[in-house]
Amino acid sequence: QVQLVESGGGLVQAGGSLRLSCAASGSIFSINVMCWYRQAPGKQRELVARMPSSGGTNYADSVQGRFTISRDNAKNTVYLEMNSLKPEDTAVYYCYSNLRDRRLGRIGDYWGQGTQVTVSS
């Protein structure tokens with residue numbers, strides 16, 4: 001069974017930095033893409049950053065230049081380095097992956113449990 005486990009959230013002052021990690025484990029054959037989403041109270045979940053295995057990165061306009069997504073393929077882990085944090089970055093951050101499960105032999109969507117990021121003003 002595939003699992004995504006996030007870590008690294010917390011409380012930080014505006015202007016500060018945090019680094020989130022998401023480790024994918026289980027019967028993984030291949031990963032197509034790993035992403036970070038976030039959901040603030042009363043708002044829809046939104047894409048923050050994505051990193052397809054084919055290469056390249058994409059960012060939401062609101063985080064461009066402040067956040068950096070990276071991957072360690074050997075560890076099936078994706079990171080989100082967040083700098084110059086703002087109170088409006090406060091949200092639950094979720095890791096997402098589209099991958100092929102080795103045991104099931106099919107491609108599916110997987111989500112982590114989420115990690116809270118709170119930025120105080």
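The values are calculated or read from the model by the stated rules, or taken from the named source; none is laboratory data. Note that the structure is predicted; figures quoted are calculated from it, not measured. Note that each Cβ is placed from the backbone with ideal geometry, even for glycine, and that neighbours are counted across all protein chains shown. Heads up: the accessible areas ignore ligands, DNA and RNA and are worked out on the full protein's heavy atoms, side chains in. Shrake-Rupley method; radii C 1.70, N 1.55, O 1.52, S 1.80 Å.
Only one entry of Leu80, Leu85 meets the criterion of being farther than 14 Å from Trp111 by Cα, open to solvent by less than 30 Å² (accessible area, probe 1.4 Å), in contact (Cβ under 8 Å) with a residue 40 or more places away in the chain and part of a strand (DSSP E or B), and that entry is Leu80.
Checking Ala49, Ala60 one by one, the residue that is open to solvent by 10 Å² or more (accessible area, probe 1.4 Å), farther than 16 Å from Gln3 by Cα and either of a type in the set (Ser, Thr, Tyr) or free of Cβ contacts under 8 Å to residues at least 60 places away in the same chain (or both) is Ala60 and no other. For the stretch 106-121, a tally of residues being open to solvent by 30 Å² or more (accessible area, probe 1.4 Å) and either in contact (Cβ under 8 Å) with a residue 12 or more places away in the chain or in contact with a His (Cβ under 6 Å, 6 or more places away or on another chain) (or both) returns 9. Residues that are touching a strand residue (DSSP E or B) at 6+ places or on another chain (Cβ under 7 Å), closer than 14 Å to Gly112 by Cβ and among the hydrophobic types (A, V, I, L, M, F, W, C) number at least 1 in the following strands (runs of 3 or more DSSP E) confined to the stretch 1-60: 3-7, 18-25, 28-39, 46-52.
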